[in-house]
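Presented below is the structure to which this report refers.
The values are calculated or read from the model by the stated rules, or taken from the named source; none is laboratory data. This is a predicted model, so every value here is computed, not measured. FYI the Cβ positions are ideal-geometry reconstructions off the backbone, even for glycines, and counts take in every protein chain you see.
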Amino acid sequence: MDYDDLEKMLNENKVDYVTVTAASNVTGYVTDVHRVAKMAHAHGAKIVVDGAQIVAHRAFSMMGDTPEENIDFFVFSAHKMYSPYGGGAVVGLVDELNKHMPEFYGGGIVRIVSDSWQTYKDAPSVYEAGSPNYPGVVGMGKAIEVLEEVGFDAIEEHEKALINKLVEGLKKQDNVIIYGDSDDLSDRVGVVSFNFTDVNSFHLSRKMSEIGAVATRRGAFCAHPYVWRLMGISEDQQRGFLECDDSGTPGMIRVSFGIYNTEEEVDEFLRILEDALAICREEITAFNPEY
Ligand SMILES: Cc1ncc(COP(=O)(O)O)c(C=O)c1O
């Protein structure tokens, strides 16, 4: 996070909402969201924090040391914290939420409906249209309990050991690009994205799955502009991807650690990576060495 750039944007624009990730799902960098909250509030803006990548990795508090540092809205998808798919939460200022119309229409959001008018309930009901996702919510509650039982200090320590080992191993490979600072990993959650200058990331990721049942995420991770910027890909190059299939569209390979991963698995991962790299280098036909 470039805090000076954010300050500049706040100074130069009329900003209502500042939206940031608490931790990036591309590089794992943790944002000092309370610092951002203070900056946003000083300019009359509110702050929305995307917590999808932090909730399973770090304890998170919406409260800062002072009221100006408090987070106004915290949103997250629960599947990244070992909960069933389809759950998630928006935690925010009720008065602010009540200023808006519902996002979806359905059962449970109205007070009265007549032929020509209707009135809505207040938040949170107005945002909970239709039959609720009970299994998702119960699963999310249980996931939060389990994470708290395991303990966020233990999770952080465990992840640090895993990413240190992984990055040390990756650094030994020829032609590797590791995104973000690969020497100081102190402000990162358990996510590492990388590439090889001479191997197509789509083929490498698939090969690791085929030969070793290793699941990596490959692509632009629902964060295209950030990924293209880190990869140094221009706007014009991006337009060229419209003609490409998945394998021709550049991207990164990402390893994401969970609480169940072990150091032995990191060793195994590095072994399979080396095998997959050797096979890909032999098989390479249609790739663009620029990526
Ligand atoms: C930081 C971040 N925000 C948002 C999302 C997207 O969540 P969803 O798939 O529920 O839209 C993800 C990935 O799941 C993420 O890592």
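Summary table below
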{"read-out": "In region 60-85, the residues that are in a loop (DSSP other than H, G, I, E, B) and among the acidic types (D, E)", "value": "D65, D72"}
{"read-out": "Single unsatisfied condition, A22 versus (1) farther than 20 Å from A89 by Cβ; (2) under 17 Å from the mean Cα position of the chain (by Cα)", "value": "(1)"}
{"read-out": "Scan of region 70-88 for residues that are within 11 Å of the ligand (Cβ to nearest atom) and of a type outside the set (S, T, N, Q), ordered by number", "value": "V75, F76, A78, H79, K80, M81, Y85, G86, G87, G88"}
{"read-out": "The one condition in (1) on the phi > 0 side of the Ramachandran plot; (2) out of contact with any helix residue (DSSP H, G or I) (no Cβ under 9 Å at 6 or more places or on another chain) that G219 fails to fulfil", "value": "(2)"}
{"read-out": "Filter result for F76 (crowded, with 16+ Cβ neighbours inside 10 Å and touching a residue at least 24 places away in the same chain (Cβ under 8 Å))", "value": "yes"}
{"read-out": "Residue list for region 132-185, filter: in a loop (DSSP other than H, G, I, E, B) and aromatic (F, W, Y)", "value": "Y179"}
{"read-out": "Some residue of region 112-123 being part of a loop (DSSP other than H, G, I, E, B), touching a residue at least 24 places away in the same chain (Cβ under 8 Å) and either surrounded by fewer than 11 Cβ atoms within 10 Å (Cβ to Cβ) or outside the structural domain of G258 (by TED's automatic domain parsing) (or both)", "value": "yes"}
{"read-out": "Top-ranked residue in region 52-73 [being among the small types (G, A, S) and surrounded by fewer than 18 Cβ atoms within 10 Å (Cβ to Cβ); ranked as nearest to E149 (Cα to Cα)]", "value": "A59"}
{"read-out": "Whichever residue in region 209-226 is away from the ligand (no atom under 12 Å from the Cβ) and surrounded by fewer than 17 Cβ atoms within 10 Å (Cβ to Cβ) and, among such residues, is farthest from T21 (Cα to Cα)", "value": "I211"}
{"read-out": "Positions within region 1-59 being within 16 Å of the ligand (Cβ to nearest atom), closer than 30 Å to I253 by Cβ and not in a loop (DSSP other than H, G, I, E, B), in sequence order", "value": "T19, V20, T21, A23, Y29, V30, V33, V36, V48, V49, D50"}
